[in-house]
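Colleague: Let me begin by handing over the structure; questions about it come next.
Please treat every number below as a calculation from the coordinates, not as lab data. Bear in mind the structure is a predicted one, so any value in this text is a computation, not a measurement. Here the Cβ positions follow ideal geometry from the backbone for every residue, glycine too, while neighbour counts run over all protein chains shown.
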Amino acid sequence: MGAPICRSAHLAAGGRRIVLWRQHDACPWWREVVSDTSLAPGFIPISRSACCAKLAWSCYTLNMDAKVYIQTQGCQMNEYDSGKMMDVLREYAGCVSVRSPDEADILLLNTCSIREKAQEKVFSLLGRWKELKAKKPGLIIGVGGCVASQEGDLLCERAPFVDIIFGPQTLHRLPEMVRKVRHDKLPVVDVSFPEIEKFDCLPEPRAEGPSAFVSIMEGCSKYCTYCVVPYTRGEEFSRPFDDVLAEVAMLAEQGVREVNLLGQNVNAYRGCMYDGGLADLALLIRYITAVEGIERIRYTTSHPVEFSASLIEVYAEVPQLVNHLHLPVQSGSDRILALMKRQHTVLEYKAKIQKLRKIRPHISISSDFIIGFPGETEIDFELTMKLIDEVGFDQSFSFIFSPRPGTPAASYMDNVPLEIKKVRLARLQAKISEQAVKISRGMVGTIQRVLVTGPSRKDSRQLAGRTENNRVVNFHGHSALIGEFTDVRIIEAMPNSLRGEMVRTIDPA
Ligand code: SAM
Ligand code: SF4
């Protein structure tokens, strides 16, 4: 083993500092708890003993020199996973990413099965990739994500030209799977749920800009009657507290200023701490504020039942936590909420929002809605519209109910015609857009702190930044501001963005 010090993350949590140690020489993936705090008096150790060398090591010597193209469907969680797929293939197998399937030696499709539409797209895309493989016989095709996890057998049957089928929890094994396919010339299927192994085997995070996602938990144990997530991603599993802090600290060292904590049910987080205790999301957020460089914290996506008093308190004490909350309610009817098995009522949801608004009166709240759940009456729908009005929801996601095989709601009697569902969805979306436009217009004249993410997409002479309530602001400014926070006065609200001007700060000298 090499010398114990590699790096220290200088953090201050509750007056203490947290230090991040790593062992370098023997294996770059070895991380160890430093229990001997005499090495760094006044510091408390983070990072756990997690040697993933077994897997990483065996792949490290592989140099496949392959070009990889990854196509991603679905949510932010899938975007995050696709990034990690590329990371493992780059780090452990010397692969590079390419922008077009025609250039690639390995094609990976990261699938989503939350609604039927997304699933249908898998087979149509695979049809096109089959043609590419006919022209390039060595081409390896892999399918990962939730469709692979749930429909692995169907995939083997309907698309026998697919070489690799892997689940969201086995993506870190990709280098080894590719090696096997090349060597044995046989397909590989691995859709198991080995939980923590995945995170231990991922290479160190690479920042791509000032904002980064950090996955803190996986899966879901809520089993809402319409949802496939517990079956495709497994039950709730939280990453150890120290590992999350270590990842945030490493990202901050690379210039990240904003972290977005990710999980299917992120506020169900219960991470093991170095002293054997369990930390909830509230405690994790408090610790993250101690990471030097991190000035903004977001989390997505949450369940109302897990929106606890301790989490609400954090909004009073932690200014780094953004003035925006995504808290999906799905429906404004108690009858439908019960059929969905959401485990709360409309009143309970509103009571939590009320408590939060006492602390943060201007917080923007967004949600997910499912329209046309089996048996949804006109009255149920009107109750949802009433709730939208009462809460004043900002930009939100809304979907027509999609029966998913294996979920209880798929067998519920659905007597609502599709045409009616479409009309309801259009009405709901129009109402939410109207409210979002009103919120944007209300921002005109205010000064917003924005994180400058890069040049504006429409006009490269301008910069683009994000407000706390997740709106893009375009404004004129120096490119040196990219990656930094700056104050911008909002001068115009456009349909999908805001226009602003920089606020000149007066130099007291
Ligand atoms: N855990 C979060 C929660 O409980 O609200 C949501 C995560 S889920 C992956 C994302 C969204 O997909 C849900 O909030 C829901 O609105 C939508 N969704 C899930 N299953 C669906 C289905 N069968 N039909 C339509 N929309 C669905
Ligand atoms: Fe799906 Fe969210 Fe319900 Fe879990 S809590 S089953 S992820 S909708």
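Colleague: Tell me which of W129, G145, M443 sits at the most positive position along the dipole axis of the chain, charges placed on C-beta atoms (Lys, Arg +1; Asp, Glu -1).
Modeller: The residue sitting farthest along the positive end of the dipole is M443.
Colleague: Next question. Which FRET efficiency value, to the nearest 0.05, is calculated for A426 and L186 with the Förster distance at 45 angstrom and r the Cβ-Cβ distance?
Modeller: Efficiency for this residue pair is about 0.35.
Colleague: Given the peptides 119-130, 366-377, 199-210, arrange them by the average over their residues of other C-beta atoms within 10 Å, most packed first. The partial results should precede the final answer.
Modeller: Details: 119-130: 15.6, 366-377: 21.2, 199-210: 18.2.
Sorting 119-130, 366-377, 199-210 by mean packing, highest first, produces 366-377, 199-210, 119-130.
Colleague: I would also like to ask the following. Let me have the relative contact order for region 168-299, percent, based on Cα pairs under 8 Å that are six or more residues apart.
Modeller: Values: 201 pairs, mean separation 31.4, N = 132.
RCO, region 168-299: 24 percent.
Colleague: Could I ask something else about it? Whole-Hz Karplus ³J(HN,Hα) for region 94-109, in order, using 6.51 cos²θ - 1.76 cosθ + 1.60 and θ = phi - 60°, x for Gly and Pro?
Modeller: Result, ordered by residue: x, 7, 10, 8, 10, 8, 9, x, 5, 7, 8, 9, 10, 10, 10, 10 Hz.
Colleague: Shifting gears a bit: State, to one decimal in nm², a quarter of the convex hull surface area for the C-alpha atoms of the chain, i.e. the direction-averaged projected area.
Modeller: 26.2 nm²
Colleague: Hey, what did region 219-261 get for relative contact order, percent, Cα under 8 Å, at least 6 apart?
Modeller: RCO, region 219-261: 29 percent.
Colleague: Counting helices only, and only those DSSP H runs with n ≥ 4, report the 222 nm mean residue ellipticity of the chain as the sum of -39,500 (n - 2.57) divided by its residues, in deg cm²/dmol to the nearest 500.
Modeller: Rounded to the nearest 500, it is -10500 deg cm²/dmol.
Colleague: So, one more: Relative contact order for region 260-325: what is it in percent, counting Cα pairs under 8 Å that are at least 6 residues apart?
Modeller: Details: 75 pairs, mean separation 26.1, N = 66.
With pairs under 8 Å counted, the relative contact order is 40 percent.
Colleague: A further question follows. Hey, rough spin-label estimate for S411 and D368, points 7 angstrom out along Cα→Cβ, what's it come to in nanometres?
Modeller: So the two model labels end up 2.4 nm from each other.
Colleague: Now for a separate question. Label I379 and K350 with points 7 Å out from Cα along Cα→Cβ: what is the distance between them in nm?
Modeller: With each label point 7 Å from Cα toward Cβ, the separation is 1.7 nm.
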